[in-house]
Amino acid sequence: MSVTITNLVGSIGSFESGTWLLTTAEKAYVHIMSDHVKYGSNSLRITGDTAEFERTYTLRNSDGVFQPTLIPAHKYYVRVETYQEEATGSTDIYWPIAEPSMLAGQSGPAGQWNVCSAVVDRSSFSAGAYSMRLDYNNANTAGCMWFDGLVLVDLTDAFGAGYEPTAAWCDANIPFTDGTADVPEPVPKAPTGLQLVRSDADGVALAWSASKWATGYRVYRGTTLVADVPGTSTVIRLTSFGTVQFSVSAYNAAGESARSSSITVTIPLLLVTDRTQEDVEQVRALLQRPYRTWTAEERSWFYGGGVVRGAYNALDLNRVGLAVDAVRTLLLTRLTDLDAYLDERGVAPSPLFSLPYTADDVDVSPKTDWAVGAIPTREQMASYLQDIRTLRGLMPMPADLAELPESMRYLDYAGANAIEATLLAVRDTVEVLFAQCKANADLAASAWRCAEINCGEV
């Protein structure tokens, strides 16, 4: 795909043809020359001397003063290439011929052609047709500057409002033309409208607005690339719990945009406790059919990274392992939080406001990097289940909590539910105990001591 741009100054920008109309004063220092040329056979030379701070030329030819039509809200790309035998000055470009200029004080090394360019709007001026002027800022120094390849492009008209490329991109991709030219699509702008669609056991679903020129999008969790998708939505598999930030960029053949504004997503312990025999039968019926007969929806459901309730796979092992780690972190954090709270209240440690475990008791080491196709060993599965038992044994559990399976061999849906229900129970129970300990500490901090007040005392 390409974008068509138009040089609004047309053929006059090459200084090749036409009768050049000059004022009486200009005839002394403005000439069409062929000694230094970038495009075609001619260039414009402006000569300065010690008597003048600057020399200027208003763009005109046999058709008269050239006046492109200005739209104030539009962004314009202006470029001219300049040459100096000795570095004696710089150039400004005015359109309209009033402050602020389009381009100011640009130059480059002597002995070569240099690009002087800018992308600006003309919002300080009213709509209309205005003259354009080239300045040679010689600062009362004798010298010459040659001009060639003048370009003025309405970027908003060519690319659309909000999608105008940068001056650097224009320098690299917009050629000199005295009419129109096709240029590549620019680097897309950063996507907007990033939002959380849902966060559940199947993952974090995100969506965003399309970015013009984009052929794909990259989703980042923090600084880590987690998805590369063609469309404007995706579901991110769970790799962590807690608070994370997501952002998205757009890209095409020209490059990658800046990232969007980030959103913060709090990922809870996404655990499944309601599997049924019906879920198992659904998977069993699917696996009894040849893979070639599966629909696209069935393949996406089974292999797409979401929770398949009637089966247990690498995703489930990693998801539960991450939940074990999150619960471990919570248990250790609550020990620290309680110590700090007792210090704040001025209360000495006591069994009355102590949690029923120590940091050493929280001895779990979950595996969270299971790969699809990996075959767990008996020892790995024993360790997997032991971590759950360890956490469960740290504190009293609800009486109606289902028992854990004896082993992971021949795991059924009830055993899978019990594993994940246990983690939720541990999380909820420690929060209840933590609140009770704080309440007991508050009571101890405010209680009257026995016999402190005697009868008749105030």
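What do you reckon, is Ala227 assigned to a loop (DSSP other than H, G, I, E, B), more than 20 Å from Glu420 (Cβ to Cβ) and not assigned by TED's automatic domain parsing to the domain that holds Gly162?
On the way: assigned to a loop (DSSP other than H, G, I, E, B): no; more than 20 Å from Glu420 (Cβ to Cβ): yes; not assigned by TED's automatic domain parsing to the domain that holds Gly162: yes.
No, not satisfied.
Only one of these is of a type outside the set (A, V, I, L, M, F, W, C), under 30 Å from Thr166 (Cα atoms) and not in a strand (DSSP E or B): Arg284, Arg259. Name it.
Values: Arg284 fails: under 30 Å from Thr166 (Cα atoms).
Result: Arg259 is the single residue among Arg284, Arg259 that is of a type outside the set (A, V, I, L, M, F, W, C), under 30 Å from Thr166 (Cα atoms) and not in a strand (DSSP E or B).
What number of residues within region 88-106 are without any contact (Cβ under 8 Å) to a residue 24 or more places away in the chain and buried (at least 20 other Cβ atoms within 10 Å of the Cβ)?
Adding up the residues that qualify gives 0.
Can you say whether Leu401 is within 15 Å of Thr333 (Cβ to Cβ), hydrophobic (A, V, I, L, M, F, W, C) and in the same structural domain as Thr329 (by TED's automatic domain parsing), as far as the supplied structure shows? Quick ask: steps written out before the conclusion?
Values: within 15 Å of Thr333 (Cβ to Cβ): no; hydrophobic (A, V, I, L, M, F, W, C): yes; in the same structural domain as Thr329 (by TED's automatic domain parsing): yes.
For Leu401, the condition - within 15 Å of Thr333 (Cβ to Cβ), hydrophobic (A, V, I, L, M, F, W, C) and in the same structural domain as Thr329 (by TED's automatic domain parsing) - is not met.
Does Leu196 meet the test of being in contact (Cβ under 8 Å) with a residue 40 or more places away in the chain, within 30 Å of Val426 (Cβ to Cβ) and either in a loop (DSSP other than H, G, I, E, B) or among the basic types (Lys, Arg) (or both)?
On the way: in contact (Cβ under 8 Å) with a residue 40 or more places away in the chain: yes; within 30 Å of Val426 (Cβ to Cβ): yes; either in a loop (DSSP other than H, G, I, E, B) or among the basic types (Lys, Arg) (or both): no.
For Leu196, the condition - in contact (Cβ under 8 Å) with a residue 40 or more places away in the chain, within 30 Å of Val426 (Cβ to Cβ) and either in a loop (DSSP other than H, G, I, E, B) or among the basic types (Lys, Arg) (or both) - is not met.
More than 25 Å from Tyr413 (Cα to Cα) and not acidic (Asp, Glu): which single residue out of Leu352, Leu271, Leu315 fits that description?
Working: Leu271 fails: more than 25 Å from Tyr413 (Cα to Cα); Leu315 fails: more than 25 Å from Tyr413 (Cα to Cα).
Selected residue: Leu352, the only one of Leu352, Leu271, Leu315 that is more than 25 Å from Tyr413 (Cα to Cα) and not acidic (Asp, Glu).
Please enumerate the residues belonging to region 362-393 that are touching a Ser or Thr at 6+ places or on another chain (Cβ under 9 Å), under 21 Å from Ala421 (Cβ atoms) and either hydrophobic (A, V, I, L, M, F, W, C) or not in a loop (DSSP other than H, G, I, E, B) (or both).
If we filter region 362-393 for residues that are touching a Ser or Thr at 6+ places or on another chain (Cβ under 9 Å), which is where we start, we get 362-368, 378, 381-383, 385, 387-389, 391-392.
Subsequent filtering for residues that are under 21 Å from Ala421 (Cβ atoms) retains 362, 364, 366-368, 381-383, 385, 387-389, 391-392.
Across region 362-393, the qualifying residues are Val362, Val364, Met381, Ala382, Ser383, Leu385, Asp387, Ile388, Arg389, Leu391, Arg392.
Applying the selection to region 57-84, what residues are out of contact with any strand residue (DSSP E or B) (no Cβ under 7 Å at 6 or more places or on another chain) and of a type in the set (Asp, Glu)?
Asp63
In region 117-132, is there at least one residue being surrounded by 16 or more Cβ atoms within 10 Å (Cβ to Cβ), of a type in the set (Val, Ile, Thr) and touching a helix residue (DSSP H, G or I) at 6+ places or on another chain (Cβ under 6 Å)?
Looking for residues that are surrounded by 16 or more Cβ atoms within 10 Å (Cβ to Cβ), of a type in the set (Val, Ile, Thr) and touching a helix residue (DSSP H, G or I) at 6+ places or on another chain (Cβ under 6 Å), one finds at least one in region 117-132, hence yes.
For region 388-408, check the following and say yes or no: at least one residue is modelled with pLDDT of 95 or more, under 39 Å from the mean Cα position of the chain (by Cα) and surrounded by 16 or more Cβ atoms within 10 Å (Cβ to Cβ).
Yes; the residues of region 388-408 include at least one that is modelled with pLDDT of 95 or more, under 39 Å from the mean Cα position of the chain (by Cα) and surrounded by 16 or more Cβ atoms within 10 Å (Cβ to Cβ).
Every residue in region 235-256 that is farther than 22 Å from Leu269 by Cβ and surrounded by 14 or more Cβ atoms within 10 Å (Cβ to Cβ), please.
Ser247, Val248, Ser249, Ala250, Tyr251, Asn252, Ala254, Glu256 - these are the residues of region 235-256 that are farther than 22 Å from Leu269 by Cβ and surrounded by 14 or more Cβ atoms within 10 Å (Cβ to Cβ).
So Asp428 passes all but one of these: (1) surrounded by fewer than 19 Cβ atoms within 10 Å (Cβ to Cβ); (2) more than 41 Å from the chain's Cα centre (by Cα). Which condition number does it fail?
(2)
Here are some conditions: (1) modelled with pLDDT of 95 or more; (2) under 25 Å from Asp316 (Cβ atoms); (3) in a loop (DSSP other than H, G, I, E, B). Ser240 meets all but one. Which one does it not meet?
The one condition Ser240 does not meet is (1).
For region 51-87, enumerate the residues that are within 21 Å of Trp20 (Cα to Cα), among the aliphatic types (A, V, I, L, M) and surrounded by fewer than 17 Cβ atoms within 10 Å (Cβ to Cβ).
If the condition is that a residue be within 21 Å of Trp20 (Cα to Cα), among the aliphatic types (A, V, I, L, M) and surrounded by fewer than 17 Cβ atoms within 10 Å (Cβ to Cβ), then Val65 is the only one that fits.
Return the residues of region 303-350 that are within 30 Å of Leu287 (Cα to Cα) and in a loop (DSSP other than H, G, I, E, B); say none if nothing qualifies.
Within region 303-350, Gly304, Gly305, Gly306, Val307, Val308, Arg309, Gly310, Ala311, Tyr312, Asn313 meet the criteria.
State which residue is modelled with the lowest pLDDT when the search covers only region 264-286 and only residues that are crowded, with 16+ Cβ neighbours inside 10 Å and within 30 Å of Gly193 (Cα to Cα).
Leu269
If you go through region 176-199 one residue at a time, how many are surrounded by fewer than 17 Cβ atoms within 10 Å (Cβ to Cβ), closer than 30 Å to Ile267 by Cβ and either under 14 Å from the mean Cα position of the chain (by Cα) or among the polar types (S, T, N, Q) (or both)? I'd like the intermediate steps shown before the answer.
Just the residues of region 176-199 that are surrounded by fewer than 17 Cβ atoms within 10 Å (Cβ to Cβ), to begin with: 179-180, 182, 192-193, 195-198.
Still in the running and closer than 30 Å to Ile267 by Cβ: 192-193, 195-198.
Cutting the leftovers down to either under 14 Å from the mean Cα position of the chain (by Cα) or among the polar types (S, T, N, Q) (or both) gives us 192-193, 195.
Going through region 176-199 one residue at a time, the tally reaches 3.
Any chance region 334-349 includes a residue that's under 30 Å from Gly304 (Cα atoms) and either charged (D, E, K, R) or modelled with pLDDT under 95 (or both)? Reasoning before the result, please.
Looking only at region 334-349, we keep the residues that are under 30 Å from Gly304 (Cα atoms), and these are none.
Scanning region 334-349 turns up no residue that is under 30 Å from Gly304 (Cα atoms) and either charged (D, E, K, R) or modelled with pLDDT under 95 (or both).
If we only count strands (runs of 3 or more DSSP E) wholly inside region 95-187, which ones have 2 or more residues that are within 30 Å of Thr50 (Cα to Cα)?
Details: elements: 103-106, 114-121, 133-137, 143-154, 180-184.
Because the criterion is at least 2 residues that are within 30 Å of Thr50 (Cα to Cα), the strands (runs of 3 or more DSSP E) in region 95-187 that meet it are 103-106, 114-121, 133-137, 143-154.
Search region 350-360 for residues being hydroxyl-bearing (Ser, Thr, Tyr) and surrounded by 13 or more Cβ atoms within 10 Å (Cβ to Cβ), and hand back the single one that is modelled with the highest pLDDT.
Step one: list which residues in region 350-360 are hydroxyl-bearing (Ser, Thr, Tyr), which gives 350, 354, 357-358.
Now drop any that are not surrounded by 13 or more Cβ atoms within 10 Å (Cβ to Cβ), which leaves 354, 357.
Details: Ser354: 93, Tyr357: 96.
Only one residue tops the list, namely Tyr357.
On the given criteria, is Ala416 buried (at least 17 other Cβ atoms within 10 Å of the Cβ), under 21 Å from Ala314 (Cβ atoms), touching a helix residue (DSSP H, G or I) at 6+ places or on another chain (Cβ under 8 Å) and of a type in the set (Gly, Ala, Ser)? Can you show your working first?
Numbers: buried (at least 17 other Cβ atoms within 10 Å of the Cβ): yes; under 21 Å from Ala314 (Cβ atoms): yes; touching a helix residue (DSSP H, G or I) at 6+ places or on another chain (Cβ under 8 Å): yes; of a type in the set (Gly, Ala, Ser): yes.
It is true that Ala416 is buried (at least 17 other Cβ atoms within 10 Å of the Cβ), under 21 Å from Ala314 (Cβ atoms), touching a helix residue (DSSP H, G or I) at 6+ places or on another chain (Cβ under 8 Å) and of a type in the set (Gly, Ala, Ser).
The values are calculated or read from the model by the stated rules, or taken from the named source; none is laboratory data. Just so you know, these numbers come straight off a predicted model, no measurement behind them. For neighbour counting, all protein chains shown are included, and Cβ atoms are generated from backbone atoms with ideal geometry for every residue, glycine included.
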